[in-house]
Amino acid sequence: METKGIFEIRVSGNKGNEPLKPENTDIKEIKVILDNIEDILYPNQKDRPTISYSIEEGSVKHIFIVGSQALIGLTANLEVVNQQHSIDFLELKTAQAIERIQNISYNKNYSFELKTNVGEKEFFFEINPSTSYKRTLDLWVDAELYFYGEITNTGGKNKSNLHLDTEDFGTVIIEAPKEFFLNEEKNLVYRKYGFRVTAKQNIDSGEFDKSSLKFVEMIPYLPKYNEDYLNKLIERSTSKWKDIDADDWLRDLRGGYDA
């Protein structure tokens with residue numbers, strides 16, 4: 001059985017004229033912390049271990065009992081953030097969670113002290129109105145991606161979307177215009193399709209931002225090789241490559257390394 005450690009987020013500041021404490025902390029503020037904790041500790045783990053929680057005095061202390069391996073990894077990452085003053089290298093979900101906490105710090109003038117405790121080792125990391133933990137936006141570029149899977153849900157009141165259960169990425173949510181659903185005569189739910197989408201993708205890691213997926217085209221789900229469809233894609237992209245020298249592009253991609 002995996003050993004456990006303590007992850008603590010201490011929030012300090014004022015609520016009106018009073019110091020922040022559990023008694024005057026609204027449940028919405030507690031929910032924000034709880035919503036972000038999984039992304040901080042287990043950004044890409046579907047079947048994560050149990051996380052136990054309690055709230056204590058001391059301004060406001062959010063206490064989490066979690067697996068020691070997750071804490072060791074988080075501590076190592078936060079030590080690098082302290083050294084580099086950058087969160088660009090972090091997993092996307094972890095970086096976004098830290099950004100959200102940073103925004104709360106700006107908006108409410110709160111200070112957040114993150115503490116990991118594994119065995120005898122403690123590590124402290126602070127987010128406050130004077131820090132600036134934001135991703136470098138130019139690391140993220142517009143890209144086209146393809147996803148295949150089973151549609152499990154469609155709709156949305158303010159922003160229409162569809163939920164696609166994929167084998168490689170779990171469930172992804174694709175923003176789609178209402179006209180797409182209105183023009184479909186048959187029920188799409190529990191049917192398998194492919195989708196071409198636009199998304200924000202990290203040029204270093206190749207990771208994509210799951211919150212940025214937007215519908216471009218629905219593709220029939222054909223597990224077998226489809227030569228006609230492949231030829232159409234090649235034809236459509238040929239014009240975009242007409243001014244690019246393939247040898248120069250490949251040499252640049254390899255970084256001067258010749259295979």
query = If you go through region 105-125, how many residues are assigned to a strand (DSSP E or B) and surrounded by 15 or more Cβ atoms within 10 Å (Cβ to Cβ)?
reply = 10
inquiry  = Which count do you get for residues in region 130-147 that are surrounded by 15 or more Cβ atoms within 10 Å (Cβ to Cβ) and either free of Cβ contacts under 8 Å to residues at least 40 places away in the same chain or in contact with a Lys or Arg (Cβ under 7 Å, 6 or more places away or on another chain) (or both)?
reply    = 2
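Of the residues Phe208, Phe195, which single one is closer than 24 Å to Lys232 by Cα and in the same structural domain as Tyr148 (by TED's automatic domain parsing)?
Working: Phe208 fails: closer than 24 Å to Lys232 by Cα.
After ruling out the rest, the residue left standing is Phe195.
Mind listing whichever residues of region 62-76 are surrounded by fewer than 19 Cβ atoms within 10 Å (Cβ to Cβ) and within 25 Å of Ser132 (Cβ to Cβ)? It would help to see each step written out before you state the result.
Just the residues of region 62-76 that are surrounded by fewer than 19 Cβ atoms within 10 Å (Cβ to Cβ), to begin with: 63, 65, 68-69, 72-73, 76.
Gly73, Ala76, listed by residue number.
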query = Before we move on, is Asn153 modelled with pLDDT under 90 and either hydrophobic (A, V, I, L, M, F, W, C) or outside the structural domain of Thr94 (by TED's automatic domain parsing) (or both)?
reply = no
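The values are calculated or read from the model by the stated rules, or taken from the named source; none is laboratory data. If you're wondering where the values come from, they're calculated on a predicted model, not measured in any experiment. Backbone-built Cβ (ideal geometry, glycine too); neighbour counts: all protein chains shown.
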